[in-house]
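First up is the structure itself, then whatever we jot down about it.
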Amino acid sequence: MKKIILILILFLSASWAQNLEINPDTGLIIDPDSPLVEANCLACHGSNLITNMHASRKAWLAAIRWMQDSEGLWEIEPEDEEKILNYLEKYYGEKYDTRRRIPLAILLQNKTH
Ligand code: HEC
C-alpha cells in the first residue's frame, strides 16, 4: 500500500512539473520558440530578469515597448513579437490569476489552537 502511494505521489509531482526543460546556457525554458526569444532578449541582460517577471501579456508588451523607447531594443517583426509574447505569457505569465488566497478552512487546518 505504501508503495502504491509513493508511486502515485511521484507520478503526480512529475505531471505537475510538466517536464519543462531549461536551456543550461541561457536559463530559459526550452520550446520551439525559445531560440527566437533568446536571440532577441538576451543581448543586453541575463534571463533572470525575464524569469523573475511573472507578468500578464499586457505587461510583457509594455516592458518590450519601454525597452524599445528608452533602452535601445530594436523593432521586432510583428510575427516574431507575437511568438515571443506567446512564449512569455505561457511560461512566465502571471503566477496567480486571482486575488483570492486559498480558502481559510484549508489555511487554518494546520493550526493547533
Ligand atoms: C537593447 C538591449 C535590450 C534588449 C535586447 C532587451 N532588453 Fe530587457 N532590459 C534592458 C535594460 C537596459 C533593462 C533595465 C535593466 C535594469 O534595470 O538594470 C531591461 C529590463 C528588462 C526587464 C525587467 C523590467 C523591470 O521592470 O524590471 C525585463 C523583464 C526584460 N528586460 C525583458 C526583456 C525581454 C522579454 C526582451 C526581449 C523581447 C528584452 N528584455 C530585450 C535592455 C534590453
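Tabulated data for the structure shown
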read-out	value
Candidates G46, G93, G72, filtered to the one that is at pLDDT below 95 and among the small types (G, A, S)	G93
Selection count, segment 1-35, where residues are at pLDDT 80 or above, among the polar types (S, T, N, Q) and in a helix (DSSP H, G or I)	1
Within segment 75-90, tally of residues that are over 16 Å from I50 (Cα atoms), in contact (Cβ under 8 Å) with a residue 24 or more places away in the chain and either of a type in the set (A, V, I, L, M) or loosely packed, with under 12 Cβ neighbours inside 10 Å (or both)	1
Of all residues making up segment 36-59, the number that are more than 7 Å from the ligand (Cβ to nearest atom) and assigned to a helix (DSSP H, G or I)	8
Pick from segment 60-74, criterion surrounded by 14 or more Cβ atoms within 10 Å (Cβ to Cβ) and in a helix (DSSP H, G or I), ranking: farthest from the ligand (Cβ to nearest atom)	L61
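The values are calculated or read from the model by the stated rules, or taken from the named source; none is laboratory data. Remember, it's a predicted structure, so these values are computed and weren't measured experimentally. Positions of Cβ are backbone-derived with ideal geometry, glycine not excepted, and every protein chain shown enters the neighbour counts.
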